[in-house]
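This report concerns only the one structure given below.
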């Protein structure tokens with residue numbers, strides 16, 4: 001426990017030394033719109049520890065044919081918001097996951113299951129590199145389970161990743177979760193709400209968007225041509241009607257004059 005405390009106290013310093021290793025794009029569909037986010041993975045190594053962090057930031061929103069670049073807080077990299085990390089302590093052969101107390105996400109990125117995705121990425125990394133390391137206990141505070149809904153959401157979050165629990169009360173509001181070996185964790189997230197886009201998928205998305213744009217332009221051109229044709233036809237019919245009206249008036253006038261013997 002003392003080692004875990006020391007590790008927690010030095011987490012900020014250890015994570016500050018991480019460097020970006022890779023970046024990718026996520027598609028976050030929700031109804032008629034899709035938010036696209038950049039995800040980057042960072043790693044730092046020291047003699048007694050290995051650290052890994054995954055971060056997200058929103059970059060674009062698609063709504064039908066409209067694309068909007070996102071800026072402001074949602075488009076920034078944060079150390080705690082939209083982020084998760086794990087520290088491998090080689091001396092104790094333990095893994096320390098964070099941030100403590102859950103993974104907060106920004107408003108634009110909320111509702112897509114991103115905490116599970118971020119946490120799963122740290123688990124995958126740990127399972128691949130340190131499968132036999134033990135998972136340090138994660139304290140579950142009662143203030144994280146103020147009501148039944150939040151209690152169930154928190155507990156099911158860790159349970160879905162394969163954690164074991166030790167409870168300090170009968171209501172399962174205070175306790176801790178842990179695992180004997182990293183390779184026993186699961187690393188799962190909702191593939192319907194968080195989709196990794198490969199280079200091939202990105203090319204396909206751009207090609208599809210370009211096809212839709214060309215089709216929309218063609219449709220608008222056809223509608224404009226049809227409208228122009230209708231307007232021209234209407235003008236011709238109007239002129240014909242004017243001529244017919246004039247001829248009719250002339251014939252009636254001549255007939256009237258003949259009848260009156262004028």
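Scan the range 45-98 for residues that are under 17 Å from the mean Cα position of the chain (by Cα), in a strand (DSSP E or B) and surrounded by 14 or more Cβ atoms within 10 Å (Cβ to Cβ) and jot them down. Scanning the range 45-98 gives 54, 55, 56, 57, 58, 59, 60, 61, 62, 83, 84.
Determine whether the range 253-260 contains at least one residue that is at pLDDT below 95 and under 23 Å from residue 114 (Cβ atoms). Within the range 253-260 (the criterion being at pLDDT below 95 and under 23 Å from residue 114 (Cβ atoms)), the answer is no, since none of the residues qualifies. Within the range 174-187, the residues that satisfy the criterion of being within 18 Å of residue 118 (Cβ to Cβ) and either free of Cβ contacts under 8 Å to residues at least 24 places away in the same chain or part of a loop (DSSP other than H, G, I, E, B) (or both) are 185, 186, 187.
Residues in the range 8-39 that are in a helix (DSSP H, G or I) and under 23 Å from residue 82 (Cβ atoms) were compared, and the one that is modelled with the lowest pLDDT is 8.
Conditions tested, residue by residue: (1) outside any helix (DSSP H, G or I); (2) in the same structural domain as residue 43 (by TED's automatic domain parsing); (3) farther than 30 Å from residue 26 by Cα; (4) modelled with pLDDT of 95 or more.
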| position | (1), (2), (3), (4) |
| --- | --- |
| 112 | yes, yes, no, no |
| 116 | no, yes, no, yes |
| 121 | no, yes, no, yes |
| 125 | no, yes, no, yes |
| 128 | no, yes, no, yes |
| 137 | yes, yes, yes, yes |
| 143 | no, yes, yes, no |
| 156 | no, yes, no, yes |
| 165 | yes, yes, yes, yes |
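Annotation note: of 143, 147, 196, 190, the sole residue that is out of contact with any strand residue (DSSP E or B) (no Cβ under 8 Å at 6 or more places or on another chain) and either closer than 20 Å to residue 42 by Cα or in contact (Cβ under 8 Å) with a residue 24 or more places away in the chain (or both) is 190. Taken over the range 99-115, the residue count meeting the criterion of being over 12 Å from the mean Cα position of the chain (by Cα) and surrounded by fewer than 20 Cβ atoms within 10 Å (Cβ to Cβ) is 5.
The values are calculated or read from the model by the stated rules, or taken from the named source; none is laboratory data. As the structure is a computational prediction, the values presented were derived from the model and not from experiment. Note that each Cβ is placed from the backbone with ideal geometry, even for glycine, and that neighbours are counted across all protein chains shown.
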